Amino acid sequence: MGKMSLKPYNDYCPQTLFLYGTYDENGNADFGLFCWFSYTWDGEMGVMCCIGGNKMTKDNIHRNRIFSANLVTEELLPLADYFGNTDGHSEEKMKVALGIEKGRVLDVPVLTASPVNFELEVKQFIELDGGEVMLCKMRNVLQDDSLSDKSKSEAEKLAMIAPVRTTCKRYFGYKGEDLGAWGEPRKVLAEK
Ligand SMILES: Cc1cc2nc3c(=O)[nH]c(=O)nc-3n(C[C@H](O)[C@H](O)[C@H](O)COP(=O)(O)O)c2cc1C
């Protein structure tokens, strides 16, 4: 089998999804969906992520330098898809029923229904041409109690929380099933 050269592109490279939680200047929570997210090592584990263009999440992180990153699961996907396809500058965006609590270490909004939440502080902003990379310290990691159950294997616990992956502009379930194109899962919210 041969190989073909392609322009910059990342299809068939699945990414984990996170909802970034921030507060605006009036203390109202905003959530946006992000996949350009990975980990760093600098004496301790940290996070690197990239935000492209101007968005509410970026405005809020610039002002406060802190945010939460909440793991997206299959259960959360309709809401996550909605947050990823709705501009935070619209007044309507956050008028949805949502369990939100505060971080334990940082003043960031945390999604109760997400089983793993990072409380992050930006240590360095690296401005690019239309995008921005942020290097962050993990100030706290919150995890549902069920994930520390020693009677279950890691595989069982991952299957239980079912994190969603994305590639090829589609969502895939933990076991690989196709969960729809970007913009599709949110449609079930309108039907409720
Ligand atoms: C599957 C998916 C992944 C996304 N990942 C990113 C990302 O990594 N970086 C980014 O800048 N925008 C990303 N977006 C777009 C933002 O979620 C979108 O601009 C959203 O409106 C941001 O929320 P906000 O307007 O409340 O800040 C993604 C959207 C989708 C549907």
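Structure notes:
- Taking the criterion of being free of Cβ contacts under 8 Å to residues at least 40 places away in the same chain and surrounded by 20 or more Cβ atoms within 10 Å (Cβ to Cβ), the only residue of the range 61-119 that qualifies is GLY103.
- Checking each residue in the range 10-60 for being basic (Lys, Arg) and closer than 17 Å to TYR82 by Cα picks out only LYS55.
- Matching residues in the range 120-137 - criterion: being surrounded by fewer than 17 Cβ atoms within 10 Å (Cβ to Cβ), β-branched (Val, Ile, Thr) and closer than 20 Å to THR16 by Cβ: VAL133
- Top-ranked residue of the range 65-86 - restricted to ones that are of a type in the set (D, E, K, R) and closer than 22 Å to ARG170 by Cβ, ranked as nearest to the ligand (Cβ to nearest atom): ASP81
- Qualifying position, being within 13 Å of the chain's Cα centre (by Cα) and either within 8 Å of the ligand (Cβ to nearest atom) or not aliphatic (A, V, I, L, M) (or both), among GLY2, GLY52, GLY46, GLY32: GLY32
- The C-beta contact set for the range 15-35 (first residue of a type in the set (A, V, I, L, M, F, W, C) and at pLDDT 95 or above, second residue buried (at least 21 other Cβ atoms within 10 Å of the Cβ) and assigned to a loop (DSSP other than H, G, I, E, B), distance under 7 angstrom, 6+ apart or interchain) comprises LEU17/VAL72; LEU17/VAL164; PHE18/VAL72; LEU19/VAL72; LEU19/SER114; LEU33/LEU17; CYS35/LEU17.
- As a summary of the residue check, SER38 satisfies the conditions (1) out of contact with any helix residue (DSSP H, G or I) (no Cβ under 9 Å at 6 or more places or on another chain); (2) small (Gly, Ala, Ser); (3) within 17 Å of ARG186 (Cα to Cα) except for the one numbered (3).
- Set side by side, the residues THR112, THR86, THR40 differ, and just one is in contact with a strand residue (DSSP E or B) (Cβ under 8 Å, 6 or more places away or on another chain), under 23 Å from THR167 (Cα atoms) and among the polar types (S, T, N, Q), which is THR40.
- Qualifying positions in the range 165-192 - among the charged types (D, E, K, R), under 14 Å from THR73 (Cβ atoms) and in contact (Cβ under 8 Å) with a residue 40 or more places away in the chain: ARG165
- Considering the range 104-139, the residues that are touching a Lys or Arg at 6+ places or on another chain (Cβ under 8 Å) and of a type outside the set (A, V, I, L, M) include one that is nearest to LEU71 (Cα to Cα), namely GLU119.
- Strands (runs of 3 or more DSSP E) enclosed by the range 116-192 - at least 1 residues per element that are over 22 Å from THR86 (Cα atoms) and more than 16 Å from the ligand (Cβ to nearest atom): 116-127, 131-143
The values are calculated or read from the model by the stated rules, or taken from the named source; none is laboratory data. This one's a predicted model, so the numbers in the text were calculated from it and none came from an experiment. Every residue, glycine among them, receives a Cβ derived from its backbone with ideal geometry; neighbour counts consider all protein chains shown.
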